[in-house]
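Notes for the one structure printed next.
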Amino acid sequence: IQALSPAYAGIVLIAGPAVQAGFSPFAGRLSDRVEARLVATAGMGLCVVGLVMLVVVGAGTPVWYVAAVQCVLGLGFAFFASPNTSTIMGSVERRFLGAAAAAVAVMRSIGMSVSMGITALVFALIIGRREILPADYPAFLLSMRISLVVCAVLCVVGIGASLARGRA
């Protein structure tokens, strides 16, 4: 909607993964000292905050805001993924580490696929199967907001599951 070049949009969107890469080691060390489920749950909470912050994004939203929200999401992913993976890998016998790592990777892929499926479904229901033109921008933003809210609600369910798993 803001007609950013692909390169500039990519630079803005790389903020999240960069923060995740930077903070994942710290989150892993923290989860060794503090109960991992609490660190992971806090990370999922940050993801909810980031998704809700994206709901207000519109045509006039400053690019710095989108980059800042990407940083919040990256921090949330770091604080969720590292402790969660560490807990999973630490709960299996050494001979099953390969299978556990594969299961973590499969679940991550399933999560990404489900979120993309939700987004595609919402866009198809609201916009339909056509090229998105400037006249469709309000419907595009509505589709984006609905998708973000659905994913935020799923993250809230994830928070409940993370807390319910019990102490390590």
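Taking the criterion of being at pLDDT 95 or above, crowded, with 22+ Cβ neighbours inside 10 Å and out of contact with any Gly (no Cβ under 7 Å at 6 or more places or on another chain), the only residue of the stretch 16-53 that qualifies is LEU51. Taking the criterion of being in contact (Cβ under 8 Å) with a residue 24 or more places away in the chain and part of a helix (DSSP H, G or I), the residues of the stretch 47-67 that qualify are CYS47, VAL48, VAL49, GLY50, LEU51, VAL52, LEU54, VAL55, VAL63, VAL66, ALA67.
Total residues in the stretch 54-72 satisfying the condition of being small (Gly, Ala, Ser) and open to solvent by 50 Å² or more (accessible area, probe 1.4 Å): the figure is 2.
The residue that is nearest to ALA68 (Cα to Cα), among those in the stretch 28-46 that are without any contact (Cβ under 8 Å) to a residue 40 or more places away in the chain and in a helix (DSSP H, G or I), is LEU46.
Against the test of being open to solvent by less than 40 Å² (accessible area, probe 1.4 Å) and either on the phi < 0 side of the Ramachandran plot or small (Gly, Ala, Ser) (or both), the options LEU121, LEU141, LEU133, LEU75 yield a single qualifying residue, LEU141.
Just wondering, is there one or more residues in the stretch 58-71 that are closer than 22 Å to THR87 by Cα and in contact with a Gly (Cβ under 7 Å, 6 or more places away or on another chain)? The answer is no, given that none of the residues of the stretch 58-71 is closer than 22 Å to THR87 by Cα and in contact with a Gly (Cβ under 7 Å, 6 or more places away or on another chain). Within the stretch 86-112, residues that are under 23 Å from PHE26 (Cα atoms) have Cβ atoms under 9 Å from residues that are of a type in the set (Lys, Arg) in these pairs: THR87/ARG37; THR87/ARG165, counting only partners at least 6 apart in sequence or on another chain.
Taking the residues in the stretch 154-168 that are farther than 14 Å from SER115 by Cβ and either open to solvent by less than 80 Å² (accessible area, probe 1.4 Å) or part of a helix (DSSP H, G or I) (or both) as candidates, determine which candidate is modelled with the highest pLDDT. Steps first, answer last, please.
Within the stretch 154-168, the subset farther than 14 Å from SER115 by Cβ is 156, 159-168.
Checking the rest, the ones that are also either open to solvent by less than 80 Å² (accessible area, probe 1.4 Å) or part of a helix (DSSP H, G or I) (or both) come to 156, 159-164, 166.
On the way: VAL156: 96, ILE159: 93, GLY160: 91, ALA161: 88, SER162: 84, LEU163: 85, ALA164: 85, GLY166: 65.
Out of the qualifying residues, it is VAL156.
Looking only at residues in the stretch 97-133 that are part of a loop (DSSP other than H, G, I, E, B) and among the hydrophobic types (A, V, I, L, M, F, W, C), the one that is nearest to CYS151 (Cα to Cα) is ILE127.
The values are calculated or read from the model by the stated rules, or taken from the named source; none is laboratory data. Given the structure is predicted, the values throughout are model-derived calculations rather than measurements. Positions of Cβ are backbone-derived with ideal geometry, glycine not excepted, and every protein chain shown enters the neighbour counts. Protein only, heavy atoms only, side chains kept; ligands, DNA and RNA dropped before computing areas. Shrake-Rupley method; radii C 1.70, N 1.55, O 1.52, S 1.80 Å.
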